Amino acid sequence: MYLNKLLIKNFGKFNNKEIVLKPGINVVYGKKESGKTTIKDFIVAMLYGFSNCSLNEKKKNKFELYKPGDGGVYSGKAYIKDEDKTFFVERSFAKKNSRTNALELNTGRDVKLENDNLDGKLFNCCRDDFVNGMCIDDCDDNYEGYLKKDFDNMIVTGTSSIDLNRSIAYLRKKRKEYDTDAIADNIEIIDSELEDFEDVDKRLKDIRKKIRDVEEELAIETARRKREARRLIQTKNTSEEDSEEDIEESKEESNEESNIESNIEINKEDNNEDKAQNDVKESSEEKTEDNTKKTEKKKHVQEENKTIFLDADLIKDYKPEKKLTDRMWFIILTGLFVIGVIAAVVYILPFDNAVRQIFIICTILFVIVTIVEGLYAKGVFDEEIKTPSEEEFKRIIYELERKTETYEEVEIDMSFAKKYIDRREELIEEERAVIKDMSRRDELREERKGQETKLEASKKEIHAINLAINTINDLSRDISKSYSFMINNNISDIIAKLSDGRFNDLYINESNKLMVMGQNGYVDLDSMDSILLKQIYLSVRFAIARSMIENNMPVIIDNILDGLDDRLLDNALGIIDKMKNEQIIILSSDYRVINKYKNINSELNLIEL
């Protein structure tokens, strides 16, 4: 794949600038600050946009750096050739209205893009690989920093923008934030506090039962005292009636005595003394008989008033005696007797055995049905009436007595109720305390639930972080092996060429460190001068670009060749000429690059700014 034409519209210092490129070597020549690096960044922006800028690119925001100051349209166009296909790409870089359109000119069909990405549609090379591998710049002359850091990152992560050690350190720091031990300790503390509230439900139930019992005792005692008061009133009323009756009787006796005396006087006057004595005797007997009847009547009334209470006291132990015909054993014996009599009669009479058996079976069934029907009628199969408990018995007696009483409102002294009320208030205070404990228990349960959720989430996060660390390390090992193999296979001849044989080998060891083999053995990077570091830097970058040839992307060399001595420049151009990438774009302000390369290969596409 190669770039055929660039149409720069309002990008940096360029406005409506057209640049025609060709396969092979393209040299864009211009003086310093003429816009050579702008062209490189325009190519990157056209291929990948500004939204996915790499971390290792210039610290300045390139979007703001190249944004037109006059408010013009911030956009560009490019023609891209891939084998026999030609694509027209148009991008608008405006933040609020950024868009990318791609058209296949051969068919006239639009290319469907996802998130304005050409990667995966027109080519298969991510931005980091292109910028870090295919774009070779002077890295601000910090060659040692690149070789010790950026190159090491590329070896272990595949890109110089990702620092493996910092990434692992960051993940480990995040893992420490999810302290499961502290959460587990909190749960243990909550559990120990919850143990104090295990019986809170039972305590509340018991207290409320005690409150009901106190209220019931108070109601029963109040009712009992009212009944006593009513009885006293009834007794007083009865005594007053008896007194009135006695007075009436005394009056009647006095009247009778006066009548008797008058009769005696009359009899005396008539000389009938015997008859008068007989009358007195009869009157005395009648008086005695009347008094006896009244006494019996009073006793009968008193017994009737007490009957309900005597029955209530004895109802618990009272069991009515069953009749003989209601006893089960008598009923069964009677049934067996009937069956036996019928069987005897049947066997005495001259019947066949089959008839006898049928007759006996029918008799047995008839007897059984009769017994069952009789027992059912007497209620034997009804549910057994359960013996009431002591509390239920008291309540029944209370209701019976209430029904037999005269419901006369009476006032009683309620001072006795103070102890019940005080006891009830104490129990209510205990109830409030227990309810408070229940609220605290519910709070602890919610807190424990939250801690458990947090613990599970922390465990998942820790698991995910551990998985990420292990995955990164595994990928790093695979990338390191792949890059080490590619670079080691491509770098030895490059370093030998650039150094004129001073160094004959440069490879990456098992610790991912760059090792340089000279005539006198290995050379440490710290002991190298800037010229030697630049040679090693060029060797590494050329080796990386040559190892990524399968990506089929243009190689962009930006200002790295400027200022090289003639010998080193000739060696570098010779290596570039042998690179098999389909398109190489050299950006330079050194005209020697053009002249020297023409000496190597006359096929050169020159663009002057």
| Residues that are part of a strand (DSSP E or B) and touching a helix residue (DSSP H, G or I) at 6+ places or on another chain (Cβ under 6 Å), drawn from the stretch 9-27 | F11, V27
| query | How about the stretch 97-117: which of its residues are modelled with pLDDT of 90 or more and either under 14 Å from G49 (Cβ atoms) or in contact with a Cys (Cβ under 9 Å, 6 or more places away or on another chain) (or both)? | reply | T100, N101, A102
| task | Using the structure shown, decide if S192 is surrounded by 13 or more Cβ atoms within 10 Å (Cβ to Cβ), hydroxyl-bearing (S, T, Y) and over 22 Å from L538 (Cβ atoms). | result | no
| said: Taking the condition of being of a type in the set (A, V, I, L, M) and open to solvent by 60 Å² or more (accessible area, probe 1.4 Å), how many residues in the stretch 97-115 meet it? | reply: 1
| said: Restricting to the stretch 116-140, and then to whatever is free of Cβ contacts under 8 Å to residues at least 12 places away in the same chain and at positive phi, can you tell me which residue is least open to solvent (accessible area, probe 1.4 Å)? | reply: G120
| message | Just to be sure before I move on: is G145 small (G, A, S) and either touching a Pro at 6+ places or on another chain (Cβ under 8 Å) or open to solvent by 30 Å² or more (accessible area, probe 1.4 Å) (or both) in the structure I sent? | response | no
| task | Please give the number of the condition A94 fails out of (1) open to solvent by less than 40 Å² (accessible area, probe 1.4 Å); (2) within 45 Å of the chain's Cα centre (by Cα); (3) modelled with pLDDT of 85 or more; (4) not polar (S, T, N, Q). | result | (3)
| said: Given (1) within 28 Å of L47 (Cβ to Cβ); (2) open to solvent by 30 Å² or more (accessible area, probe 1.4 Å); (3) modelled with pLDDT of 90 or more, identify the lone condition not met by D570. | reply: (1)
| message | Going residue by residue through the stretch 195-214, is there one that turns out to be in contact (Cβ under 8 Å) with a residue 40 or more places away in the chain and within 23 Å of the chain's Cα centre (by Cα)? | response | no
| In this structure, does V540 turn out to be in contact (Cβ under 8 Å) with a residue 24 or more places away in the chain and open to solvent by less than 10 Å² (accessible area, probe 1.4 Å)? | yes
| Residues that are of a type in the set (D, E) and in a helix (DSSP H, G or I), drawn from the stretch 118-152 | D128, D129, D140, D141, E144, D150, D152
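Results for (1) touching a Lys or Arg at 6+ places or on another chain (Cβ under 8 Å); (2) farther than 23 Å from K36 by Cβ, shown as yes or no for each residue.
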site	(1), (2)
E83	no, yes
T86	no, yes
K95	no, yes
A102	yes, yes
T107	no, yes
C135	yes, no
| How many residues are under 11 Å from I465 (Cβ atoms) and part of a helix (DSSP H, G or I) if we restrict to the stretch 160-183? | 9
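The values are calculated or read from the model by the stated rules, or taken from the named source; none is laboratory data. If you're wondering where the values come from, they're calculated on a predicted model, not measured in any experiment. Neighbour counts run over all protein chains shown; Cβ positions are idealised from the backbone, glycine included. Surface accessibility is based on the protein's heavy atoms, side chains included, excluding ligands, DNA and RNA. Shrake-Rupley method; radii C 1.70, N 1.55, O 1.52, S 1.80 Å.
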